[in-house]
Structures are given as structure tokens and as C-alpha cells.
Amino acid sequence: MAVAAQENAFGGMLERFGQLSNRRKLGLMFGIAAIIALVAGSWMWSQTPDYRVLYSNLSDRDGGSVIASLQQMNVPYKMAEGGGAILVPSNQVYEMRLRLASQGLPKGGVVGFELMDGQKLGMSQFQEQVNYQRALEGEITRSIQSLSAVQAARVHLAIPKPSVFVRDQQKPSASVLLSLYPGRTLDAAQVSGIVHLIASSVPELPVKNVTLVDQNGNLLLAADEGEADAHAGLDPTQLDYLHQVEQSYVKRIEAILTPLVGVGNVKAQVAADLDFAMIEQTAETYKPNPAPNEAAIRSQQTSETVGDAGKPASGVPGAMSNQPPGAASAPIAAAASPAGGTAAGAGASGAGAHKESTVNFEVDKTIQHVRQPVGGIKRLSVAVVVNNRKVGTGKNAKAKPLSAAELAQLQNLVKEAMGYNQARGDTLNLVNAAFSAGEEEVVPPVPLWKDPGNISLAKEVAKNLLIAALLFYLVFGVIRPILRDLAQQPLHVMPSHAGGGGEAGEEMAEISPQAAARAAQSAGYEENLRAAKELAKQDPRVVASVVKDWVGGGE
């Protein structure tokens, strides 16, 4: 029964639809099509991801390689800015960057030694040299672009032809153009590092033959400039050491005074003068002649001769025997005779004795080699400010200056903490003053309409509300009135006759008041039309007169 009722209802709807005017039929079909399109578009809109920029300002070579990799990974992408930017879904931006980086993409439009992979047979030596120079320039460019502050780089190498003559040999040179990121700069150490990187990458390229220029045309390092210019002043390592020394003294001073004056009631600044000169000294010192008993003996020699003058002459006569005796020699320091008679007796008796003693002493010499430590403290200048002491608690608290005894105590503590040395010129200035309470900077809260999270949420809500409003209008403004008219449209049921009397039977369908009124008007029109036809058949002259009056009235 239910299935039959549904079939009857469906058949009735079709019949009512057939009885509608063409205008209503078009409106109904348009409304149904709009609802279907709106639902499908809403679903597709909700499924469409939010695209973000993956890479921008890509060269044609890099752009083609990136797109090929995205197609292999089945990742949707879009092109923007005339093909200069590639967009991917926002939830895959960082993943795609990492995966493409593992493949070496983008390469930055620079070719390296992979240019040598496609060498062809029959290539001349000049072409091989040019390809090698291009590959070397590309590899150096990639190395420079890997620095955090460098956005892009361009390297030009001038490599002269080798010569067998030493005086005709020329050294290579390099010119580098750097494009830095906005707000980034290079210090002297970084410039020196880039220059040494280039000089170490090209055989026989001296540092002085490297010219470095930034994107604004500023000369960072010119050729023929010595390394002294690149390292003028303190290098970054020395500056860091200087700051560490100064901060170390500041922490020590504040740490020793904070327990006495309270947290935040002491401020200290230290200016250190360090000596970074490397000094080596060698000294050789000689002392005056020391006393004999204090000197060190180097060598000692003693010689003693006993004379034999009382013996008769002997030997073979001849020229050698008749030679006079040699010159007499006496010791440097002859021992004093205990008695003059002893010496005279020895001379008188003819018996002579000779004794010599030679002593060599070491020369007193001192050799000293001194190497001064680098970074020694030459002078310290310390400034300390101490806040007034608070007396009382709560609203009754008042600031009271420190007494002279307290200031002297604090000054002595600071001197001990800094290692005060008056001989090297250290200075200390300790001041007691009231700290001014600065006004707290009130950061205004971000309005709700400027919050990125709220903006994104508002977009999603607005999108859903727009879809819901369109659906509501189509359903209740277009489809529902048409369906209501279909439900109120009467069905024309053929009347049933009883016998041959020609009387109409009762209608089988129920008729609404609006439908009954329209049926009554239609029945009156049919009756008038039938009466006019009968009158025309019975008395054609009357009809002709009426038509003649209509025509005359129209004139």
C-alpha cells in the first residue's frame, strides 16, 4: 500500500509539473540546478587547500626541476608571479622544502662540476678550459651562497695562461659580487673569511688579488690591499674576549653588592684596557768581577820544576851542549819564604826550584727570555651606582641616602672585587643616588579584528554562512513556493455519468478553495462560450451585427 501511495504521489507530482507554465517550469529547474551546483561548489571549496609560496624568484632551470620533482611526488602546485613563484598547499611547504633540499634543489641557477659530466668527443682544449672555469666559478658561488647573510653571489675568475718563463708568469685574480639579505651586513672577519675561501679554491690565487663588492657597489675588499687593512683594529675574537672580561667584572661587582643593597639597586659598568701586543724579550747580563772565593773555577793547572845546578857537566861535547841556559821563569805568586836565610841558602847552594799554578774562572752571565702574555689588563675604569636604601614597609616606605661609612664599606668591597691596582692607573667611582622609576610601557592589546587567528576563523565562518544563506534562499525562496503551487494544483478527473441523462457524477478528488474558485471561473467561461455558439447557429444575423459593432467601435 505504501509503495502504491508513493507511486500515486509521484505520478501526481509529475502531472502537476506538466500543468505548470513554462516560466514556472524553468524556475523550478533553475532552482534545483542552482542547489546542486551550490552544494558541489561548497564541497569543492572546502576541499581546496590554502596555497603558500614554496619558492620565488626561481630561474627557468630550477623552476622546471622543482616542478618535475613535485609531479613525481604527486604534490599539487600552482604558478604565480608570471611563473616566478611556485605555490603548494600550506601544510606541505616545509616538508617539500626539506625533501627538495635533499635532492639539491633549487640549485640557484648556478652550474658546478656537473658541467664536466656532459663532455663531448672532439671538444677543443679552449672549450674544456672554459667549461672548467665555469664549473669552478659555480662551485665557489654555491659555497658563498651557503652563508646565512648572503642571498646571491656572482664570481668572475681571471686565470691567465701558464708560461714556461718565470718572469712572464701572472697570478690569477677574482672579482666577487655579493647580494646580501635586507638588513644584513658583513663584518671584517666574515669578509676575510670569504676572501680566504676564494683564494684557497683557486690554485696560486693570492689574497691580494681578490676584489669583493656588495649589491650597492660598496667596496668590501679591493685587490692589492694588505691583510692589515682587513684586520685593522681588534678582530672579533679579541672583541669577544674584551667583552667577556668587562662582563666578568660587572657580574662580580653586582654579585658582591646585591646582598647588601638588594636586587636591582646596583648598576655597574667596567671599561677594560687590554694589551693584545705579543712581546718577546731576550736579555744577556754580565755581573762585575766577583771575589775569588765566590767565582766558579772552570780549569786549574799546576807545574813544578826542581833545579840541579851542583852536578858536573856531562854529555857529548858539541854545539848543543855549549848553548846558554834558557830565560829564567818565576811563578805568578811566589810563596813567601819563612826566613830570608832559607832563600839565600838555596841560591848559594845552587839548588833551584820552579812552581807554576794557572786557574781559569767562569764568566758570570745571565740569559733571560721573556714572553709577555697576550690580553693582559693594562687599566680598569669602574663606575658603580647604588640606589638609596628603603626604610619602612608598604606605603610608609621612604628612600634614605646611604651614610658615609656605608659608602666607604661598599667602595672597599668593589676595590677587592675588581682587584684595584693604583700603580697601573685603575679608577673607581661609586655614587649613591635615587633610581628613577621608569614608566612601564603598556603594550596595547591586539584588536580582535587584527588577530591572525581570528581573521582566519572569521573567513571560515563567513564562507560557511554565505553557503548557508544561498542554500536557504534557493530552498525557501525558489523551490518551496513552486512545490507549494504543485501541491495546490487540482487534478482534472473525468466525470462519471449515470445512465443516459448526461448528469455529472461526483468528483473523486478533493478541491481546495482557491482551486474551486478557478474551476468556477473556468466553468462560467465554458458556459458562455457554448451559449454564444448556439446563438450563432440559431440567429447568425445577431452575431454578425455584434461583430460589426466591435469592428466599428475599433475604428
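The values are calculated or read from the model by the stated rules, or taken from the named source; none is laboratory data. Small disclaimer: the values here were computed from a predicted structure and weren't measured. Neighbour counts run over all protein chains shown; Cβ positions are idealised from the backbone, glycine included. Areas reflect the complete protein model, heavy atoms only, side chains present, ligands, DNA and RNA absent. Shrake-Rupley method; radii C 1.70, N 1.55, O 1.52, S 1.80 Å.
Observations on the structure shown:
- When we screen Ala383, Ala417 for residues that are touching a residue at least 60 places away in the same chain (Cβ under 8 Å), assigned to a helix (DSSP H, G or I) and under 23 Å from Gln269 (Cβ atoms), the only hit is Ala417.
- Filtered residue count, region 357-380, keeping only those that are more than 44 Å from the chain's Cα centre (by Cα) and either closer than 30 Å to Gly264 by Cα or not in a strand (DSSP E or B) (or both): 3
- Among residues of region 149-183, those that are open to solvent by 90 Å² or more (accessible area, probe 1.4 Å) and out of contact with any strand residue (DSSP E or B) (no Cβ under 8 Å at 6 or more places or on another chain), counted: 10
- Any hit, region 39-50, residues being of a type in the set (Ser, Thr, Tyr) and modelled with pLDDT of 80 or more: no
- Taking residues in region 289-300 that are of a type in the set (Val, Ile, Thr), and partners anywhere that are in a strand (DSSP E or B) and open to solvent by 60 Å² or more (accessible area, probe 1.4 Å), the pairs with Cβ atoms closer than 8 Å and at least 6 places apart or on different chains are Ile297/Asn360; Ile297/Phe361.
- Pair list, Cβ under 6 Å, 6 or more apart: region 450-478 residue open to solvent by 60 Å² or more (accessible area, probe 1.4 Å), other residue of a type in the set (S, T, N, Q) and not in a helix (DSSP H, G or I): none
- Set side by side, the residues Leu105, Leu115 differ, and just one is modelled with pLDDT under 80, hydrophobic (A, V, I, L, M, F, W, C), assigned to a helix (DSSP H, G or I) and open to solvent by less than 50 Å² (accessible area, probe 1.4 Å), which is Leu115.
- His196 vs. criteria free of Cβ contacts under 8 Å to residues at least 12 places away in the same chain and in contact with a helix residue (DSSP H, G or I) (Cβ under 8 Å, 6 or more places away or on another chain): yes
- Complete set of residues in region 368-393 that are among the polar types (S, T, N, Q) and either open to solvent by 90 Å² or more (accessible area, probe 1.4 Å) or touching an Asp or Glu at 6+ places or on another chain (Cβ under 8 Å) (or both): Gln368, Gln372, Ser381, Thr393
- Out of Gly63, Gly31, sole residue that is of a type outside the set (Ser, Thr, Tyr), part of a helix (DSSP H, G or I), within 41 Å of the chain's Cα centre (by Cα) and at pLDDT 70 or above: Gly63
- Leading residue by the ranking (modelled with the lowest pLDDT) among those in region 511-555 that are open to solvent by less than 80 Å² (accessible area, probe 1.4 Å) and of a type in the set (Val, Ile, Thr): Ile511
- Some residue of region 275-298 being loosely packed, with under 10 Cβ neighbours inside 10 Å and at pLDDT below 55: no
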